[in-house]
Amino acid sequence: MFFTRNLQTYYVAKNGDILEQNALTEIHTLEQRLRSLPQWKRFCRGVDNSTPYRRRFPCDPGESLMAWVRPSQKKVRDQEGAQLELEFDGSGSEPLAISAALGYMRRGYVGGQEALNPLRYFPKTFDLGAFVDGRETPPPESLRAQFRFSIKVGDSWEPLNQLRARVGPVSDEYAAFAMGTVLPILQEAAAEAKHVRVYYSGDVLSTQEVMVALMSDLMFSLGSFGFVALYMWVHTRSVLITVVSIFVIFMAVPVAYVVSPADKTTIASFLSVFLIVGVGSDVVFVFVDFWRQSAAQRDLESRLAFTIMKAGKSCLATSITTSVSFFANLASVLKPLREFGFFMGNCVMSCFVLVLLFIPPLLAAQEIRREKVRKRAIVDISCGDSEKLVRENEKRSAQVRSHSKFM
């Protein structure tokens, strides 16, 4: 049993001609550096060298023009004597004439090797036949190479649960190799190449690039989070309520993930982090405002009941309508959009439930604390006035006694 991982590299010539010798040299240097990595060879190990090209070289040299531009030369002897035989493995020290290399490719494609289809390497606008025949045609500006790793994890006769158990560690090992070794080399080549611009994608690299961009956007969002926290502090006039409210709002995201049936979420689901801050803040403000309106109630229990009933009823209606608007995306034919709509709808309802459970008790606890502080202040002031009165009475008594002595 095998599972596959793909890596694609894309090259764009800075001078508009990707077949120019300097550009091809830079491409060959990069691909040779990748193919010489021990782990690269390890993941390519076990490929049957007797099979046709499209299965013979999935990752070494891969579906790359360099396999044809830089063939190895071997001397063979037959009845006619010594001859040179070309092996298109991309390991040659000297480049083959580009017209000859493309001619070999065209002959292989015409012979039925789909892996040599020019569209797998060049843009659609490039006329390979005209170029090989010497007719005037614009050179291609870009080039693509693909490397496919077919990694064996077991045999077909083994139990399926054992095979699945092996996929995880091997997949993690490949991911560590791609992120720790391949990605730095590609980034270095993209920064230092003088004649080509290097781009790349793959099963692991694409996800990582998206995560890096997402984390960068999350850093930019700190400003908006700070503004929301500042406004909430001004509105509630309480640091404790502000901190706890922000925490409760963000807790809606993991709670929504737990109640969702999916094991993994799409990248689009990370948008919920930005959206839930605004939605959750509105719910908190409603509860705080109704708590203030309940000040006319006689006891704390009545204030809690008033706040939960009034604010809960108002926020339940708005939360349901908001979540339903997100759940409407379940009708979409796009799976990522359906997953995002379902996840965001769960986030909205989870936020409402968490705010309903934690914010009213927090408001009541803060009110109890404030009441104790007020009572303590009254007692302190009363004690201070009594001591002052005692001192004044003692002073007056002393003055009366001294005055009576002189009488």
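Checking P159 against (1) farther than 23 Å from E26 by Cβ; (2) surrounded by 12 or more Cβ atoms within 10 Å (Cβ to Cβ), which test does it fail?
(2)
If I filter the stretch 1-42 down to residues being in contact (Cβ under 8 Å) with a residue 12 or more places away in the chain and of a type in the set (K, R), which single residue comes out as farthest from P184 (Cα to Cα)?
Taking the candidates together, the pick is K14.
Kindly establish whether F327 is touching a helix residue (DSSP H, G or I) at 6+ places or on another chain (Cβ under 7 Å), at negative phi and surrounded by fewer than 20 Cβ atoms within 10 Å (Cβ to Cβ).
yes
When the stretch 181-212 is examined, which residues are found to be at pLDDT below 90 and of a type in the set (G, A, S)? Quick ask: steps written out before the conclusion?
Initially, the stretch 181-212 is screened for residues at pLDDT below 90, giving 202-212.
Listed by number, the residues that qualify are G202, S206.
As an exercise: evaluate A229 against (1) surrounded by fewer than 13 Cβ atoms within 10 Å (Cβ to Cβ); (2) without any contact (Cβ under 8 Å) to a residue 24 or more places away in the chain and give the number of the one condition it does not meet.
Looking at each condition in turn, A229 falls short on (1).
Going by what's in this entry, would T266 be described as in contact with a Lys or Arg (Cβ under 9 Å, 6 or more places away or on another chain) and either among the hydroxyl-bearing types (S, T, Y) or buried (at least 16 other Cβ atoms within 10 Å of the Cβ) (or both)?
Yes; evaluated as a whole, the condition is true for this residue.
Return yes or no: is S319 free of Cβ contacts under 8 Å to residues at least 60 places away in the same chain, surrounded by fewer than 20 Cβ atoms within 10 Å (Cβ to Cβ) and either of a type in the set (S, T, N, Q) or within 30 Å of S216 (Cα to Cα) (or both)?
no
Does V170 satisfy the condition of being at pLDDT 90 or above and in contact with a strand residue (DSSP E or B) (Cβ under 8 Å, 6 or more places away or on another chain)? Explain how you work it out, then say what you get.
Numbers: at pLDDT 90 or above: no; in contact with a strand residue (DSSP E or B) (Cβ under 8 Å, 6 or more places away or on another chain): yes.
Criteria not met by V170.
Say we look at the stretch 99-153 and pick out the residues that are part of a helix (DSSP H, G or I) and without any contact (Cβ under 8 Å) to a residue 24 or more places away in the chain; which of these is surrounded by the most Cβ atoms within 10 Å (Cβ to Cβ)?
Among them, the one singled out is P118.
Counting only residues that are more than 16 Å from P58 (Cα to Cα) and among the aliphatic types (A, V, I, L, M), which one in the stretch 106-121 is modelled with the highest pLDDT? Give the derivation first.
Initial filter on the stretch 106-121 (more than 16 Å from P58 (Cα to Cα)): 106-112, 118-119.
Cutting the leftovers down to among the aliphatic types (A, V, I, L, M) gives us 110, 119.
Values: V110: 80, L119: 87.
Ranking the candidates gives L119 first.
Quick check on the stretch 336-357. Is at least one of its residues among the charged types (D, E, K, R), in the same structural domain as L240 (by TED's automatic domain parsing), within 22 Å of H235 (Cβ to Cβ) and in a helix (DSSP H, G or I)?
Keep residues of the stretch 336-357 that are among the charged types (D, E, K, R), which gives 338-339.
Subset that is in the same structural domain as L240 (by TED's automatic domain parsing): 338-339.
Then keep just the ones that are within 22 Å of H235 (Cβ to Cβ); that gives none.
Scanning the stretch 336-357, I find no residue that is among the charged types (D, E, K, R), in the same structural domain as L240 (by TED's automatic domain parsing), within 22 Å of H235 (Cβ to Cβ) and in a helix (DSSP H, G or I), so the answer is no.
Based on this model, can you work out whether S216 counts as modelled with pLDDT under 90, assigned to a helix (DSSP H, G or I), under 22 Å from the mean Cα position of the chain (by Cα) and surrounded by 12 or more Cβ atoms within 10 Å (Cβ to Cβ)?
Judged against the criteria, S216 is not a match.
Out of A193, A213, A189, which single residue is under 30 Å from E141 (Cβ atoms) and without any contact (Cβ under 8 Å) to a residue 12 or more places away in the chain? Outline the logic, then answer.
Working: A193 fails: without any contact (Cβ under 8 Å) to a residue 12 or more places away in the chain; A189 fails: without any contact (Cβ under 8 Å) to a residue 12 or more places away in the chain.
Exactly one of A193, A213, A189 is under 30 Å from E141 (Cβ atoms) and without any contact (Cβ under 8 Å) to a residue 12 or more places away in the chain, namely A213.
The values are calculated or read from the model by the stated rules, or taken from the named source; none is laboratory data. Note that the coordinates shown come from a computational prediction; the quantities given were computed from them, not determined experimentally. With ideal geometry, Cβ positions are generated from the backbone for all residues, glycine too; neighbour counts draw on all protein chains shown.
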